[in-house]
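What follows is a single structure, written as structure tokens, with notes after it.
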Amino acid sequence: MSSNWVEVCAADDIDEEDVIRFDHEGRTFAVYRSPDDEYFATDGLCTHEHIHLADGLVMDDIIECPKHNGRFNYKTGQAKGAPVCVNLKTYPIKVEAGSVFIAIS
Amino acid sequence: MSHIVIVGAGECGARAAFALREKGFEGEISLIGAEPHLPYERPPLSKDGLAGAEPPKYVAGPDRYEEARIAVLTSVTVEAIDRRRKAVRLADGRSIDYDRLLLATGARPRPLPDAPENAERVRMLRTHADALGIRSALAPGRKLAIVGGGFVGLELAATARKLGAEVVLIEGLPRVLSRGVPEDIATIVTERHRQEGVEIICGARIAALEADDIGARVHFADGASRLADLIVVGIGAVPNTQLAEAAGILVENGIAVDETLRTSDPDIYAAGDCCSFPLSHYRGRRVRLEAWRNAQDQGTLVAANLMGAAELVASVPWFWSDQYELTLQIAGLADGAATTVRRDLGDGAFILFHLDGEGRLVAASGIGPGNAVARDIRLAEMLIAAGSRPDPTALSSPETKLKKLLAA
């Protein structure tokens, strides 16, 4: 399976312990910077009611949906309990020359 | 501990049942509901769920109850609690023994005194069946009169406009949303509805509702009246306390529970819309919340306590409403606030922070398109829970991240 690395933004465009929305070719992603300065990417929409997670709050390794507070571990995509029960898909991510890239297969 | 029986198969009861298994409870779980459906989410019923109608948005599919070994009894009414024998008696004559009992009986719509009992033309909204009934009467050009300018009435107005119905909303008080929503936000909501062609009449005194096979009519005290195809009454909810009361359990604006959600009977707990409980962040003030998240949070917490823990309710009240593209979110209780600070977030979105006389943040109310206010309201909720006294200047300037205030 070939991966297609897509440039998201400059690494500094995302604050530590924060998230941004990234739209690409009709798909939407959430791209995170953790408190310890690592980057992660998941599908952009909550698996409960298709809300953009990038409007939500990042706390440690958790993203919380802005609508109904469904929680996921954004590093693994794992759903952390009601009202969400379906995991988020995660994507490979890398930082090169000050830019963030995600691999969209 | 062998059998936990949950009366009330709504969001709260279902959440408690699953949480029992998540926390390792090995005994039997029975979840008893009067409606014919598995537990479903009620918030959509006045929103997209009404427009979309069938089926309801289930909390979980049947396979998940099976996996979790939760026996769900639908279309079953509990008639009485026999506290001495520790059993509940069902309407069909059966009796189920419990070791611990959870009352998650919810609330029902508050009826308008003397409203005609014409189920076709004068309705209320609480259940999926109610939503289907209202939906079937709404179509382009049909006239809907809504009595009550609370969340249910306003959300229903927005949904009915989307479906093309003509809507008049009638509120007895001088403005809509007077319970718990600041006037600046109510004004935005009112304006938005008027743009969509909803007629809002405030300060109205209704003399009578009248309905027959042909139509319905709202009669005002000043002699005026309005014709409608359908009247929906949305003037609040009353807690379902009858079972508890009949069993001699203490009731105080809801089934009275302590901070562990235990009733006056040590083997019986209550959670969600049906109970009143002390709020630790507000000096132990006793409240009853009719809110989706509260139902979930209390369902989760009470599961631990049914298993013998003594976890304390410590959440901050939180609720939301969707009308057109606007979402309103409120955390905390604003009554008792001494000052209000406004934070503008762009796109017309703003948050009002309410501080008490000692500078402590007690509530935050926000409105804006989509989820524009969500993140800051969530952070405000955490500031409230932390008992924080944030600098009002920092609250009012959007450049100051609330997360920084939380860390301070």
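Laid out as a table, the results:
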read-out: Per-residue Cβ neighbour rank within 10 angstrom, fewest leading, B:Val76, B:Val287, B:Val189; value: B:Val287, B:Val76, B:Val189
read-out: Backbone HN-Hα couplings from phi across segment A:48-60 [Karplus 6.51/-1.76/1.60, Hz, Gly and Pro as x]; value: 8, 9, 6, 9, 5, 5, 5, 7, x, 10, 9, 10, 6
read-out: Lys, Arg +1 and Asp, Glu -1 on Cβ, resulting dipole of segment A:4-104 about Cα centre, debye, nearest 20; value: 580 debye
read-out: Helical contribution to [θ] at 222 nm, DSSP H n ≥ 4, -39,500 (n - 2.57), averaged over chain B, rounded to 500; value: -7000 deg cm²/dmol
read-out: For chain A, Kirkwood radius (reciprocal of mean inverse C-alpha pair distance, Å); value: 13.5 Å
read-out: Mean Cα-pair separation over length for chain B, i.e. relative contact order, pairs under 8 Å, 6 or more apart, %; value: 14 percent
read-out: HN-Hα J in Hz across segment B:395-408 - Karplus 6.51, -1.76, 1.60, θ = phi - 60°, x for Gly and Pro; value: 5, 7, 9, x, 6, 7, 6, 5, 4, 5, 5, 5, 6, 5
read-out: Hydrodynamic radius by Kirkwood, which averages 1/r over all alpha carbon pairs of the protein assembly as shown, in angstrom; value: 24.5 Å
read-out: Alpha carbon Rg of segment B:111-233, scaled by the compact-globule rule 2.2 N^0.38 Å; value: 0.99
read-out: B:Asp213, B:Asp297, A:Asp15, B:Asp322 arranged by Cβ crowding within 10 Å, fewest neighbours leading; value: B:Asp213, A:Asp15, B:Asp322, B:Asp297
read-out: Sequence of A:His68, B:His219 once ranked by neighbouring C-beta atoms within 10 Å, starting from the fewest; value: B:His219, A:His68
read-out: Cut-off 19 Å (backbone N to label point 7 Å along Cα→Cβ of A:His24), residues of segment A:48-67; value: A:52-55
read-out: Over segment A:25-67: Rg over Rh, Cα atoms, Kirkwood Rh; value: 0.97
read-out: Net charge of Cβ neighbours under 14 Å - reference A:Asp61; Lys, Arg +1; Asp, Glu -1; value: -4
read-out: Tensor-based shape of chain B (alpha-carbon gyration tensor, a/c under 1.5 rounded, otherwise prolate or oblate); value: oblate
read-out: Inter-label distance for B:Leu406 and B:Ser225, nm, one decimal - labels placed 7 Å from Cα along Cα-to-Cβ; value: 5.6 nm
read-out: Theoretical FRET efficiency, 1/(1+(r/R0)^6), r = Cβ-Cβ of B:Ser397 and A:Val95, R0 30 Å, to 0.05; value: 0.45
read-out: For B:Ala363, residues with placed amide H under 5 Å, excluding near neighbours; value: B:His354
read-out: Choice from B:Leu333, B:Leu138, B:Leu90 with maximal GNM fluctuation in chain B (Cα, 10 Å cutoff); value: B:Leu90
read-out: Percentage relative contact order, chain A, counting C-alpha pairs under 8 Å, at least six apart; value: 29 percent
read-out: Farthest toward positive dipole pole in chain B [+1 Lys/Arg, -1 Asp/Glu at C-beta], among B:Ala363, B:Ser95, B:Pro182; value: B:Ala363
read-out: DSSP-defined beta bridges in segment B:92-223 - what % are antiparallel, rounded to 5; value: 40 percent
read-out: Inter-chain shielding of A:56-62 (mean C-beta neighbours from other protein chains, 10 Å cut-off); value: 3
read-out: For chain A, built as a Gaussian network whose Cα springs stay under 10 Å, the top-fluctuating residue of A:Ala11, A:Ala41, A:Ala82; value: A:Ala82
read-out: Cβ-based net charge around B:Asp344, under 14 Å, with every Lys or Arg adding one and every Asp or Glu removing one; value: -2
read-out: Farthest positive-ward along segment A:4-104 dipole, Cα basis, beta-carbon charges - from A:Ile63, A:Val86, A:Asn73; value: A:Val86
read-out: Computed label-point distance, nm, for sites A:Asp36 and B:Glu54 using a 7 Å Cα→Cβ extension; value: 5.3 nm
read-out: Rounded to the nearest 20 debye, dipole of the protein assembly as shown from Cβ charges on Lys, Arg, Asp, Glu; value: 1000 debye
read-out: √(5λ) per eigenvalue of the Cα gyration tensor, segment A:48-105, largest first, Å; value: 23, 12, 10
read-out: DSSP bridge pairs, the protein assembly as shown: antiparallel proportion in percent, nearest 5; value: 70 percent
read-out: Percentage relative contact order, segment B:246-328, counting C-alpha pairs under 8 Å, at least six apart; value: 25 percent
read-out: Cα→Cβ-extended label distance, 7 Å offset, between A:Ala10 and B:Glu117, nm; value: 7.2 nm
read-out: About the Cα centre, charge dipole magnitude for chain B (Lys/Arg +1, Asp/Glu -1 at Cβ), debye; value: 500 debye
read-out: Selected from B:Gly203, B:Thr393, B:Val59, residue furthest toward positive end of dipole (chain B; charges at beta carbon); value: B:Thr393
read-out: Longest exposed-site-free window of chain B, the sites being GluC sites (Glu not before Pro) in a DSSP loop that have at most 11 other C-beta atoms within 10 Å; value: B:118-324
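Here, each number is a calculation from the coordinates, and none is a lab measurement. Predicted model only: the values in this text are computed from it and were never measured. With ideal geometry, Cβ positions are generated from the backbone for all residues, glycine too; neighbour counts draw on all protein chains shown.
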